[in-house]
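One structure below.
The values are calculated or read from the model by the stated rules, or taken from the named source; none is laboratory data. Treat the numbers as computed from the prediction; the structure is a model and nothing was measured. Please note: Cβ atoms are built from the backbone with ideal geometry, for glycine as well, and neighbour counts cover all protein chains shown.
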């Protein structure tokens, strides 16, 4: 018969072991984030970007670094940290340069094959809980599709 202490140790070991697949899922998502993503749509606080405004905008992800571009123009450089253990999955984006340098933008994401959706709130304004960017929400909703290599 197992002692109370032995039973408690077993439960702790099972709980720690149960967390490993979640960490593995985060590592898989980091790999799945890699590549060039074309921006399909952008909604900012209830306002949708025009087709012309979206033309040529891309997100290029290499490891944990990303560059958001339109043609030759660089809009931002940042680092992202993913957390697939949360529901919805979370992303923290830290700007690497400019006026927002070192500020953290908190968001959520979903990866579905070659489709990536990110919803975030500007630095210091919390984290969204759903993939919506309606008027008054302060959220930005971005939808991307991975470019074929």
Which pairs turn up if I take residues in the range 106-121 that are on the phi > 0 side of the Ramachandran plot and modelled with pLDDT of 95 or more and look for partners that are surrounded by 22 or more Cβ atoms within 10 Å (Cβ to Cβ) and assigned to a strand (DSSP E or B) with beta carbon separation below 7 Å, at least 6 apart in sequence or on another chain? none
Return yes or no: is residue 12 modelled with pLDDT under 95, surrounded by fewer than 16 Cβ atoms within 10 Å (Cβ to Cβ) and within 20 Å of the chain's Cα centre (by Cα)? no
Just to check your reading of the model, which residue among 90, 95 is within 24 Å of residue 24 (Cα to Cα) and crowded, with 17+ Cβ neighbours inside 10 Å? 90
Enumeration of residues in the range 98-120 that are closer than 17 Å to residue 64 by Cα and surrounded by fewer than 17 Cβ atoms within 10 Å (Cβ to Cβ): 101, 102, 103, 104, 110
Considering each of 79, 89, 32 in turn, give the residue that is within 16 Å of residue 142 (Cα to Cα) and touching a strand residue (DSSP E or B) at 6+ places or on another chain (Cβ under 6 Å). 89
